[in-house]
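Structure first, then comments.
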Amino acid sequence: MSARHRLPLVLLTVLAAFITGLSAPASARTAPPHTTVLDGIRMQQTKARLDHGDRQLRGAVRSLTARADKWLDQGPWTVVDKPRPAPGGDIHDYLSQAPYWWPSRSPTADNPWGCPYVQRDGERNPEVDSGTDRQDVEKTFDSAYDLSLAWYYTGEQKYARKAGQVLRTWFLDPATRMNPNLDHAQFIPCKYDGRAIGIIDFSQSYTSVLDALALLDTGAPGWSGKDRTGMARWNGAFLDWLQNSDFGKQESAATNNHGTFYDLLLAGLAHATGDRALARRTVLDARSRRIAPQIAADGSQPQELTRTRSWHYSTFDLVAYTRLAAIGRHVGVDLWAWQGPDGQGLSKAVDYLLPAATGAAAWPHPELEFHRYAATDVMHAAADAGDAQARRAVPSLEAPPGGDLWALRPAAEQLDSIAG
């Protein structure tokens, strides 16, 4: 063939690269997800290993898809489905009831709630699961996360489309959307129309929704630019409420796990909406504002140990800390490396749980319902951060119900969740 009939070398090179790109795994052709707590680069690498047949990961994916499959024929859920609106009268306002408050009298026609309500710490009143949005928001958050993860790792469209339906219904569709406030969270009948501590209904798990959105934003079928813009606006409005409302300011001042989770939500929303400076400042401030006063020199968390569910709340607070540390990684702050004036630090707090987490010793504090696996994720987080004791403990950890999914979503969850 004459030279004039040959394709130029540069064109052949470009064509070969294009063909190679078409045949490469999706994980090699797309940018890592811009996640808030999860490590997007690590997830991309995990997906590449899965695409190349990693058997251990395939087992974890089967556990993940088993969870996701259960959501396919459920929902979507919405705040407008509750039998009566929040005290303000707007059906689009989120409503939940304080979980540990109980009626002190039998309901009557003149006193239908059985008021006054009294507190019974750690004992969940079953009323809170009927007539409010509490259970539905948990299902919305959990399903969106599981389904988005399942789509990311399998590429099966059914998971992405269901996740999109769930999120649009709760946050975006005008007829069913939630207003971006928590003015009526954890109300107490005949006492309070809402309380600042109700913010924990969202702060304990909404950052998983931010990561679900980031996964869908990598090109999920059925998730449009309009959806992305709508969620960005909702998150921006919610961040404004969180920073500037009276409830937000009160929760920011909390000195126990409520304050830690507030910081997690604030930093997470800031990162997701592009305010890197606020996210970084929040993580930095947590060192002296949260870790130093909340974690003792021996690693215990004194305020959490006073609870009737001391094991639950000790692991619960560390879920917030480890997730906040993960956000810190994205904004250049190593929260794991910081130590307070008495040696307080995240690794020491995790190590305090080690004997009970591995089954080597009984938990020596009050606990109404001990679950050893509650500490599994925070142990994984500490091991990944370089804690030698936690790393040695990993083989002795108890897998939570449904399997240990750390390899696929390396960010701590509260595995023995009790709402409140």
Projecting each Cα onto the charge dipole of the chain (Lys/Arg +1, Asp/Glu -1 at the beta carbon, about the Cα centre), which of A411, H365, P401 comes out farthest on the positive side? A411
Degrees separating the helix 157-167 axis from the principal Cα axis of the chain, which is the longest one: 40 degrees
With -39,500 (n - 2.57) per DSSP H segment of 4 or more residues and division by the full residue count of the chain, the 222 nm estimate, nearest 500 deg cm²/dmol, is -15000 deg cm²/dmol
For W113, W234, write out the residues from largest to smallest accessible area, computed with a 1.4 angstrom probe and no ligands counted. W113, W234
Which of P364, P112, P76 fluctuates most in a GNM of the chain (C-alpha springs under 10 Å)? That residue is P112
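First compute the accessible area of the chain with a 1.4 Å probe, then give the percent of it belonging to carbon and sulfur atoms.
Carbon plus sulfur share of accessible area: 52 percent.
For the pairs K82/K191; K47/K348; K162/K249; K162/K191, note any where the Cα-Cα span goes beyond 27 Å.
Beyond 27 Å between Cα atoms: K47/K348; K162/K249; K162/K191.
In what sequence, highest mean first, do 389-399, 168-178 appear when ranked by Cβ atoms within 10 angstrom? Walk me through the numbers on the way to the answer.
Values: 389-399: 15.9, 168-178: 17.6.
The densest-packed peptide leads the list: 168-178, 389-399.
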Per residue, what accessible area does the stretch 58-188 have, given a 1.4 Å probe and all protein chains present, in Å²? 42 Å²
Sequence-separation-based contact order of the chain, relative, with Cα cut under 8 Å and 6+ spacing, percent: 16 percent
In a Gaussian network model over the chain where Cα atoms closer than 10 Å are linked, find which of D90, D146, D183 has the largest mean-square fluctuation. D90
Find the relative contact order for the stretch 139-198 and round it to a whole percent, using C-alpha pairs within less than 8 Å whose residues are 6+ positions apart. 20 percent
For the chain, the longest principal axis of the Cα atoms and the Cα long axis of helix 134-154 enclose an angle in degrees, to the nearest 10, of 20 degrees
For the stretch 69-84, take each phi angle, set θ = phi - 60°, evaluate the Karplus expression 6.51 cos²θ - 1.76 cosθ + 1.60, and give the result in whole Hz per residue in order, putting x for glycine and proline. 4, 5, 8, 4, 10, 10, x, x, 10, 8, 5, 7, 8, 5, x, 9
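Scale the Cα Rg of the stretch 221-380 by the rule-of-thumb value 2.2 N^0.38 Å and send over the ratio, two decimals.
On the way: Rg = 17.1 Å, N = 160, 2.2 N^0.38 = 15.1 Å.
Here the Cα radius of gyration is 1.13 times the empirical estimate.
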In the list [x] 24.5; [y] 21.5; [z] 22.8, the entry giving Kirkwood radius over Cα pairs in Å computed from the coordinates is [z]
Here the stretch 93-102 yields Karplus 3J(HN,Hα) values (6.51, -1.76, 1.60; θ = phi - 60°; whole Hz; Gly and Pro given as x) of 7, 5, 9, 9, 10, 4, x, 10, 10, 10
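Would you mind getting the accessible area per residue of the stretch 294-420, heavy atoms of the protein chains only, 1.4 Å probe, in Å²?
Roughly 36 Å² per residue, with all protein chains present.
The values are calculated or read from the model by the stated rules, or taken from the named source; none is laboratory data. Nothing here was measured: the structure is a model prediction, and the numbers come from that model. Positions of Cβ are generated from backbone atoms using ideal geometry, with glycine treated the same way; all protein chains shown enter the neighbour counts. Just the protein is used for accessible areas: all its heavy atoms, side chains included, with ligands, DNA and RNA removed. Shrake-Rupley method; radii C 1.70, N 1.55, O 1.52, S 1.80 Å.
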